[in-house]
Amino acid sequence: MKLRTGLHHRVTDDRGNAYLYLTDSAAIHAVDALADRLAAAFLEPADPVTVLRELGEPEAEAALRDLIDLGIVRPDGETSPPRAALPPMPFPLATLVLNVTNKCNLSCTYCYEYGADKLTAANAPAGRAMMLPETAKQSIDFLIRSSGERSVLTITFFGGETLLNFQTIIAAVDYAEAEALRHQKRIHFSLTTNATLLTDEVIKFLVAHRFGITISIDGDEKEQDRHRRYKSGKGSFADIEPRIRTLIATNRRERGRPIGARVTLTHDAGSVLDTYRYLTDDLGFEEVGFAPVTAAPGRGYELSPGAYDRMLSEFATLTEDFVTAAIAGRAHGFANLNDLLRELHQGIQKAHPCGAGLGLLGVSTEGELALCHRFVESKSHAVGTVQKGVDESIRTAFLEQAHIDRKTDCKTCFARPLCAGGCYHEAHVRHGDARKANLHACDWIRGHVDQGLKAYARIMAHDPKFFARYESQ
């Protein structure tokens with residue numbers, strides 16, 4: 001019987017020690033020089049007797065048995081175990097994203113909701129502009145009713161520009177806190193905003209209720225005003241910059257939750273590193289996450305293959321910053337890498353790319369349930385209403401069809417435990433089917449995971465205690 005090393009990705013730390021990331025188990029194994037040589041010897045199917053004889057190492061046979069026990073080396077032709085099937089349904093909800101408005105006071109050129117890639121048909125009847133407080137309360141009732149034994153829940157407020165409907169947010173928070181107490185649960189709140197409406201009243205409320213706040217901002221004045229403008233064409237930076245400073249200062253004084261920035265990366269975006277440093281060192285954000293723009297081909301701002309390569313190169317520089325800080329015991333706010341390291345350390349093995357449709361659902365202004373906030377008001381992706389509940393046949397059918405084992409393009413990709421084919425919404429925009437893999441981004445995703453694994457190995461070699469922060473989350 002011939003043996004073969006299973007699908008994996010190999011990286012080394014600063015000292016040349018090898019680490020193997022196993023796709024089938026999502027485990028990271030540090031291997032010594034002999035085990036590393038054995039794993040390399042079976043990259044193609046080989047007879048173990050021949051390999052051991054050629055190596056001529058007395059300990060090689062025992063080392064090979066260890067590799068087999070760990071699943072690193074396996075019988076050639078052995079079928080990989082399937083990813084986890086769907087959990088028992090209905091799956092208990094953890095997060096509900098309330099799109100409290102479908103209106104926005106900005107007119108960002110790349111907006112997926114109001115731009116060329118919107119999902120709502122042009123001739124579809126307009127939904128309610130603002131969610132009523134009653135609908136928000138029905139949504140909270142639905143979340144608690146659908147949460148099963150979960151003791152901690154999250155309500156995220158979204159838009160449009162979320163703060164255009166601040167009164168409904170106030171009503172929803174007051175109601176949710178009372179209901180959580182009555183049902184012996186805890187509810188956390190989060191919100192995404194463009195920061196144009198961050199008045200002193202709003203800031204005081206958000207900080208007092210310990211909101212997790214994400215600001216959509218693309219960088220300094222030049223970066224922000226390139227795409228994030230008012231309908232008049234006026235840039236938004238001058239309005240938001242002082243409001244953000246006030247929010248961050250107030251939140252820090254009250255020891256609130258970390259405030260993050262979300263940057264949309266377009267073809268013409270400036271340096272990732274410069275943007276990160278401006279947002280953290282100057283404006284004071286504690287976390288910054290970068291997201292490639294969601295856009296169909298031909299929009300002009302979508303990322304070309306060359307732009308993906310440039311972004312990956314800039315991520316490498318920022319990753320070096322992160323590793324240096326981690327080894328020195330300093331915090332670093334590169335959210336993309338922080339999230340990736342958490343998933344690597346926890347051995348995350350995804351059957352679906354995210355919690356959309358499982359532990360998370362989106363709610364339209366009228367109470368229609370969707371896979372996530374990006375699909376609200378898209379009738380073809382509706383899965384029920386907060387008043388009547390989830391149509392389990394629709395939800396289950398989608399999740400079965402979107403399972404990673406259905407995506408044949410992913411079968412030979414080492415990064416599939418972390419990606420599972422990528423964002424449903426981006427797949428719909430780029431490929432016309434939310435269940436398909438995001439093939440246009442595969443090289444970028446593999447490159448980013450490679451950077452993360454190398455960072456993991458280097459930090460582990462210098463300070464294994466760094467990863468304790470991920471073990472209680």
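Taken together, the values in this text are just the output of simple stated rules run on the coordinates, not laboratory data. These figures come from a predicted structure and were not determined experimentally. So basically every Cβ, Gly included, is an ideal-geometry build from the backbone, and we count neighbours across all protein chains shown.
Overview of results
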item	result
Near-label residues of segment 35-76 by backbone N, under 16 Å of a point 7 Å along Cα→Cβ of THR12	35-41
Identified option (computed P(r) over Cα pairs in 20 Å bins from 0, in percent; candidates [x] 17, 27, 22, 17, 9, 7, 2, 0; [y] 22, 54, 21, 3; [z] 22, 47, 23, 7, 0)	[y]
Phi to ³J(HN,Hα) by Karplus 6.51 cos²θ - 1.76 cosθ + 1.60 over segment 36-48, Hz, x for Gly, Pro	5, 5, 5, 4, 5, 5, 10, 4, 10, x, 8, 7, x
Residues in segment 150-190 reached by a label modelled at ALA291 [backbone nitrogen below 11 Å; 7 Å Cα→Cβ]	159
Listed residue pairs exceeding 23 Å between alpha carbons, taken from LYS2/LYS407; LYS103/LYS222; LYS137/LYS185; LYS2/LYS454; LYS103/LYS350; LYS234/LYS379	LYS2/LYS407; LYS103/LYS222; LYS2/LYS454; LYS103/LYS350; LYS234/LYS379
5 angstrom amide H check on SER236, placed H, neighbours 5+ away	TYR230
At 0.890 mPa s and 25 °C, Stokes diffusion of segment 366-471 via Kirkwood alpha-carbon radius, µm² per second	152
Cα centroid separation, segment 44-88 to segment 254-315 (Å)	41
Simple spin-label estimate for ASP274 and THR246 in nanometres, 7 Å along Cα-Cβ	3.0
Per-residue HN-Hα couplings for segment 356-370 [Karplus 6.51, -1.76, 1.60; θ = phi - 60°; Hz; x = Gly/Pro]	4, x, 9, x, 9, 9, x, 10, 6, 4, 9, x, 6, 8, 9
Contact order relative to length of the chain, as percent, for alpha carbon pairs under 8 angstrom and 6 or more apart	17
Cβ-based exposure ranking for PHE205, PHE211, in which fewest neighbours within 10 Å come first	PHE205, PHE211
Contact order normalised by residue count of segment 222-309, Cα under 8 Å, 6+ apart, percent	26
Relative exposure of SER216, SER304, judged by other C-beta atoms within 10 Å (fewest first)	SER304, SER216
Built amide H within the under 5 Å cut-off of GLY384, gap 5+	LEU369, ASP391
Dipole magnitude of segment 3-81 about its Cα centre (Cβ charges: Lys, Arg +1; Asp, Glu -1), debye to nearest 20	120
Positive-end residue of GLN387, THR196, ALA326, charge dipole of the chain with Cβ unit charges	GLN387
For THR280, THR156, THR412, order by how many other beta-carbon atoms lie within 10 Å, fewest first	THR412, THR280, THR156
The chain, dipole about Cα centre (Lys/Arg Cβ +1, Asp/Glu Cβ -1), debye to the nearest 20	1080
